[in-house]
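Contents: one structure, followed by commentary.
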Amino acid sequence: MSGEAGQGGAITPLALHGVGKRFGRLAVLRAVDLEVVAGEIVGLVGANGSGKTTLLSIVAGLLPQSEGERCFGGRPSPTVEMEHRRRLAFVTHTTQLYGGLTARENLKLFAELRCAADAPWIDGGPLLERLGLSHAADRMVGTFSRGMMQRLALARALAGRPELLLLDEPFTSLDRPGRRLLAEVLAEERARGLAVLLSSHDTDAIIEVTDRVVLLEGGRLIDAAALESDDPERLRYRAAVQGLGLFSARSPGPSASSTAAVSA
Amino acid sequence: MPQPPAATTSLRSLARQTWLLARNDLRQEMRDFELVATAGFFTLVVLVMFGLSFSTLGRYAQPMAVPGILWLAVAFVGSLTLTRIFDREREADTLRALLAAPVHRLAIYLAKAGVTLAVLLGCCAILVPGLVLMFDAAAPFAERPLATFSLVFLGCAAYATIGTLFAAGLSTSGGKNVLLSVILYPLTSPALMFALVSTRTLLDGHPGFEGYLSQLVALDILQLVVSAWLFESVLVGTAGGSSRRKRSAGRRT
């Protein structure tokens with residue numbers, strides 16, 4: 001694991017400073033500051049249109065930010081270069097798998113694309129087994145259920161041994177055992193030092209797997225713990241944040257003031 | 001042991017990724033024959049229709065008709081191929097997975113252009129012998145196979161290099177395929193004109209054939225460099241467009 005130490009001495013695979021995104025006149029993200037340290041799972045919650053997918057796409061290099069700075073391993077990265085893309089993996093709710101290839105071929109293709117020419121191919125067998133897909137390893141992905149595709153997309157992401165994993169709605173279409181499996185895999189990867197930034201509407205799942213939650217509203221990261229609202233959706237987010245006992249866009253851990261605000 | 005320079009490693013990695021992506025496309029194509037079957041049958045139909053229409057032309061008119069038939073068929077098959085070349089990526093959104101992975105953008109372009117070129121050459125493998133069989137004036141194709149192959153290769157490459165760039169842009173930005181044709185034909189016209197004139201000089205036994213071929217090589221190189229230079233901005237810009245499109249469809253979170 002590489003990267004510079006962030007606050008508290010932890011390695012910071014990702015840091016965003018004042019990141020904003022505009023589509024023409026429409027500001028989708030405004031001055032977002034966020035850090036994710038190694039071995040930390042950060043949940044990103046917010047209503048539809050709050051900018052979660054846009055934020056993840058900017059981190060993944062699929063969209064350029066309009067303003068602000070994006071740092072990987074402590075180094076500013078105006079564009080997401082090959083070296084940074086080698087260190088991160090992005091799993092979206094569309095799964096992005098080739099339906100005309102088998103599960104093993106999908107894994108192998110992306111593993112080979114990641115590897116240097118002389119590196120041995122990463123064996124997909126153990127990963128498929130770990131995600132409960134070994135029985136379907138040689139089946140065409142086009143015949144998979146949505147949940148199986150979601151698990152395969154996660155396997156593909158983990159095959160590259162990333163330092164930063166981006167998950168956009170990872171619980172979509174997963175049944176209860178699938179969710180449990182995902183939570184277990186994320187916990188194991190966190191122990192290995194993986195940093196995870198995941199977005200979800202599923203507040204129960206967020207509470208289950210994340211270390212802290214940040215709330216995006218109207219393109220801004222806001223202090224969900226201090227939300228004053230009668231809106232049930234916002235109250236759910238506040239509950240999720242309070243369930244974890246903190247809100248902080250900066251790592252590591254809750255700030256004293258945030259915790260105090262929650263307690264109050 | 002001395003390490004190779006970074007540029008060499010990068011070039012090797014680019015070549016390897018290009019091969020992996022092209023092989024991936026060809027592997028899927030060999031399973032469903034979607035593109036090959038469509039392009040192949042279309043080529044056959046075009047060949048038979050043109051053959052029936054023009055086979056009675058006199059010996060002086062044939063050398064003028066054959067180049068037109070050849071490159072018009074390539075233009076039709078090319079636009080058909082280019083509208084479908086990014087279909088697999090569009091349907092499953094895998095282009096975004098490739099863009100987020102440590103894959104050279106140029107490798108994506110080269111692989112797609114390579115597959116397009118392979119399909120066009122495959123169609124020419126039907127077209128050229130078919131023309132030789134149907135038209136006496138096409139006999140130089142059989143008499144000078146190396147020159148014919150060079151001509152067909154360079155003409156198809158010119159079409160594929162510029163066409164792939166716009167196919168990528170329009171497919172990922174949600175542009176309608178009709179737009180591809182509207183943009184594609186004017187932009188590929190220089191390549192088709194060069195190829196057509198070169199073919200006429202080949203059939204006429206004109207001594208300037210090699211000169212025309214050299215100009216086609218220069219056009220290929222120019223289009224390849226410009227397309228490779230523009231591809232990343234087209235692709236990343238339109239990937240953003242793709243995500244905007246999804247948001248407007250209510251899928252944004």
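The values are calculated or read from the model by the stated rules, or taken from the named source; none is laboratory data. Remember, it's a predicted structure, so these values are computed and weren't measured experimentally. Quick reminder, even Gly has a Cβ in these numbers, built from the backbone with ideal geometry, and neighbours come from all protein chains shown.
Odds and ends about this structure:
- Selection within the range B:31-72 - under 11 Å from B:Phe135 (Cβ atoms) and β-branched (Val, Ile, Thr): B:Thr56, B:Val66, B:Ile69
- All positions within the range A:92-105 that are touching a residue at least 40 places away in the same chain (Cβ under 8 Å) and either at the interface with chain B (Cβ under 9 Å from one of its Cβ atoms) or on the phi > 0 side of the Ramachandran plot (or both): A:Thr92, A:His93, A:Thr95, A:Gln96, A:Leu97, A:Tyr98, A:Gly99, A:Gly100, A:Leu101
- Residue match in the range B:73-88 (condition: more than 25 Å from B:Tyr159 (Cα to Cα) and either within 13 Å of chain A (Cβ to nearest Cβ) or not aliphatic (A, V, I, L, M) (or both)): no
- Residue check, B:Ala97 within 30 Å of B:Ala138 (Cα to Cα) and assigned to a helix (DSSP H, G or I): no
- Out of A:Ala225, A:Ala260, A:Ala240, sole residue that is at pLDDT below 55, in a helix (DSSP H, G or I) and surrounded by 22 or more Cβ atoms within 10 Å (Cβ to Cβ): A:Ala225
- Residues of the range B:138-155 satisfying the condition of being under 15 Å from B:Trp71 (Cβ atoms) and of a type in the set (A, V, I, L, M): B:Ala138, B:Leu151, B:Val152, B:Leu154
- Evaluation of A:Thr94 against the conditions (1) of a type in the set (Val, Ile, Thr); (2) surrounded by fewer than 22 Cβ atoms within 10 Å (Cβ to Cβ); (3) at pLDDT 90 or above shows that the sole unmet condition is (3).
- Against the criterion of being surrounded by fewer than 19 Cβ atoms within 10 Å (Cβ to Cβ) and within 14 Å of chain B (Cβ to nearest Cβ), A:Ala31 does not qualify.
- A:Arg156 passes every criterion in (1) at pLDDT 90 or above; (2) under 21 Å from A:Val45 (Cβ atoms) apart from (2).
- Taken across the range B:142-163, residues that are in contact with a helix residue (DSSP H, G or I) (Cβ under 7 Å, 6 or more places away or on another chain), among the hydroxyl-bearing types (Ser, Thr, Tyr) and within 22 Å of B:Glu29 (Cβ to Cβ) do occur, with at least one present.
Every residue, every condition in (1) out of contact with any strand residue (DSSP E or B) (no Cβ under 8 Å at 6 or more places or on another chain); (2) aromatic (Phe, Trp, Tyr); (3) closer than 30 Å to A:Val59 by Cα, yes or no:
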residue	(1), (2), (3)
B:Leu82	yes, no, no
B:Arg88	yes, no, yes
B:Ala113	yes, no, yes
B:Gly122	yes, no, no
B:Phe141	yes, yes, no
B:Pro145	yes, no, no
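- Among the residues of the range B:24-59, the ones that are under 19 Å from B:Leu117 (Cα atoms), more than 9 Å from chain A (Cβ to nearest Cβ) and without any contact (Cβ under 8 Å) to a residue 24 or more places away in the chain come to 4 in all.
- Test: residue in the range A:17-35 that is assigned to a helix (DSSP H, G or I) and either of a type outside the set (A, V, I, L, M, F, W, C) or within 19 Å of the chain's Cα centre (by Cα) (or both): no
- Candidate set: the range A:185-201, residues that are touching a Lys or Arg at 6+ places or on another chain (Cβ under 8 Å) and surrounded by 20 or more Cβ atoms within 10 Å (Cβ to Cβ); chosen: the one farthest from the other protein chains (Cβ to nearest Cβ): A:Val196
- Residue list for the range B:49-96, restricted to those being over 22 Å from the mean Cα position of the chain (by Cα) and among the aliphatic types (A, V, I, L, M): B:Met49, B:Leu52, B:Leu57, B:Ala61, B:Met64, B:Ala65, B:Ala92
- Qualifying residue in the range A:122-142 (condition: at the interface with another protein chain (Cβ under 9 Å from one of its Cβ atoms) and touching a strand residue (DSSP E or B) at 6+ places or on another chain (Cβ under 9 Å)): yes
- Those strands (runs of 3 or more DSSP E) of the range A:54-169 in which at least 2 residues are within 24 Å of A:Ala187 (Cα to Cα), considering only elements entirely within it, cover A:88-91, A:164-168.
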